[in-house]
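Take a look at the following structure, please.
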Amino acid sequence: MTYENILTRVEGRAGIVTLNRPKALNALNRELMTELMDALAAFDGDPAVGCMVVTGSERAFAAGADIKEMATATPTTMMTNSFIDLWDRLRGVGKPIIAAVSGFALGGGCELAMACDMIVASETAQFGQPEINLGVIPGAGGTQRMTLAVGKAVAMEMVLNARYLSAAEALQHGLVNRVYPVEVYLEEAIRLANEIAGRAPVAVRLAKEAVNAVFEMPLRAGLDHERRLFYLLFGTADQKEGMEAFVNKRRPTWTGS
Ligand code: DAK
């Protein structure tokens, strides 16, 4: 598959998508989002890939949805142009996705990073929901995921007053998993992706589903859901292998079945 706005490659068992609209600081227009979702879906279906990394450039992960594309929109065109359907495709990706973020992660760029399962940041990363400066508010999850991640006090400052979080602040507030110097953040994200890709594939998939259920379900339903997924894993060869390997003091070999 050839793409115009992204680059894709595989390193080990990590599928890597690089957003590549440098002149627009990787602004997320329809073409880019379509290609991104197609690439993630392709990696999701590829048995050689166990985990994915989405990254941008050192200067910008993504500076938001494409303002030039949205400038003349109306409520009706926004509602009917199915742009949100592209974003919703992320929820259907079963394998974990790590956002490797350097530079600007603003508006939709920040929302995209938060919609991934983990964030590895460079020391130069800046996270913001500055839509208020455009006379709007976040529309792809920013008010919800940011508040769940950093709490109401900080989220209100970001959404109402366009406050940016530095990488160090994002780490302190629990928005990101790890922060590294800009020279190595991507390599570290890929290393983490390969570590996860080396684990039991079905368990990884269900673990992601179980954690993400926190954002969608009340506790009682989430606990029931977790238990059903737990029971289900006892039907896999990897559960037999993992427990037998432990008992016999050897390393397990996962088959993903
Ligand atoms: N869209 C389009 N172009 C952008 C852009 C953006 N978001 N951000 C930057 N660019 C372009 C600039 O226009 C400029 O292009 P040229 O003028 O050279 O053609 C080029 O990238 C370089 O930008 P600057 O010259 O401005 O560079 P600076 O270093 O001076 O400033 C900046 C960098 C990131 C601070 C600045 O560009 C900036 O403030 N950008 C806008 C950030 C922003 O407001 N982002 C939020 C956008 S609204 C939804 C889905 C998504 C969304 C909502 C709903 N649904 C599906 C319902 C998301 C909305 C948003 O993200």
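Bear in mind these aren't lab numbers, they're just calculated from the coordinates by the rules spelled out. Worth saying up front: this structure is predicted, and the values here are computed from it rather than measured. Every residue, glycine as well, gets a Cβ built from its backbone with ideal geometry; the counts of neighbours run over all protein chains shown.
Would you calculate a helix-derived [θ] at 222 nm for the chain, using -39,500 (n - 2.57) for each DSSP H run of n ≥ 4 and dividing by the full residue count, to the nearest 500?
The per-residue figure over the chain is -13000 deg cm²/dmol.
Here's another thing I want to ask about it. In whole Å, how far is the Cα centre of segment 74-88 from that of segment 1-48?
21 Å
Show me 164-175, 78-89 ranked by packing, highest mean number of other Cβ atoms within 10 Å first.
Ranking the peptides 164-175, 78-89 by packing returns 164-175, 78-89.
Here is a follow-up. Show me the GluC sites (Glu not before Pro) within segment 2-33 that DSSP assigns to loop and that have at most 16 other Cβ atoms within 10 Å of their Cβ.
4
What is the Cα centroid distance between segment 161-236 and segment 112-143, reported in whole angstrom?
Cα centroid to Cα centroid, the span is 17 Å.
Cross-link partners among aspartates and glutamates for residue 23, C-alpha distance below 14 Å, same-chain residues fewer than 8 apart left out?
4, 58, 66
What is segment 18-99's relative contact order, in percent, from Cα pairs under 8 angstrom and six or more apart in sequence?
45 percent
Which shape class applies to segment 58-112: rounded if a/c is under 1.5, otherwise prolate when a/b exceeds b/c and oblate if not, where a ≥ b ≥ c are the square roots of the Cα gyration tensor eigenvalues?
Cα axes put segment 58-112 in the oblate bin.
Let me ask something additional. Work out the FRET efficiency for residue 232 and residue 91 from their Cβ-Cβ distance, taking R0 = 22 Å, and round it to the nearest 0.05.
The computed FRET efficiency comes out at 0.65.
Taking the Cβ of residue 163 as the centre, find all other residues whose Cβ is under 12 Å away and add up their charges (Lys, Arg: +1; Asp, Glu: -1).
It works out to a net charge of -2.
Under the definition of Cα pairs under 8 Å and six or more residues apart, what whole-number percent is the relative contact order of segment 29-176?
Value for segment 29-176: 22 percent.
In whole Hz, what ³J(HN,Hα) sequence does segment 17-23 give by Karplus (6.51, -1.76, 1.60; θ = phi - 60°), x for Gly and Pro?
Using θ = phi - 60°, the values come out as 10, 10, 5, 9, 10, x, 5 Hz.
Here is a further query. Do any trypsin sites (Lys or Arg not before Pro) in segment 10-81 lie in a loop, going by DSSP, with at most 14 other beta-carbon atoms within 10 Å of their beta carbon, and if so which?
Taking segment 10-81 and a limit of 14 other Cβ atoms within 10 Å, the loop trypsin sites (Lys or Arg not before Pro) found are 59.
Averaging sequence separations of C-alpha pairs under 8 Å and six or more residues apart, then dividing by the length of segment 105-146, give the relative contact order as a whole percent.
Relative CO of segment 105-146 lands at 55 percent.
So between residue 243 and residue 77, what do we pick up on full extension, going 0.36 nm a residue minus the alpha carbon distance?
Length gained, residue 243 through residue 77: 54.4 nm.
In segment 89-169, if the dipole is taken from +1 on Lys/Arg beta carbons and -1 on Asp/Glu beta carbons about the Cα centre, which of 96, 121, 159 is farthest to the positive end?
The listed residue farthest towards the positive side: 96.
Let me ask something else about it. In terms of Cα to Cα distance under 20 Å, which lysines are near enough to residue 240, apart from those fewer than 8 places away along the same chain?
Result set, ordered by chain and number: 249.
Test of understanding: in a Gaussian network model of the chain with alpha carbons linked when under 10 Å, which of 77, 143, 236 would top the mean-square fluctuation ranking?
Judging by the Gaussian network model, the answer is 77.
OK, next. Once the piece of chain linking residue 216 and residue 187 is laid out straight, how much longer is it, given 0.36 nm per residue of separation minus the C-alpha distance between them?
7.3 nm
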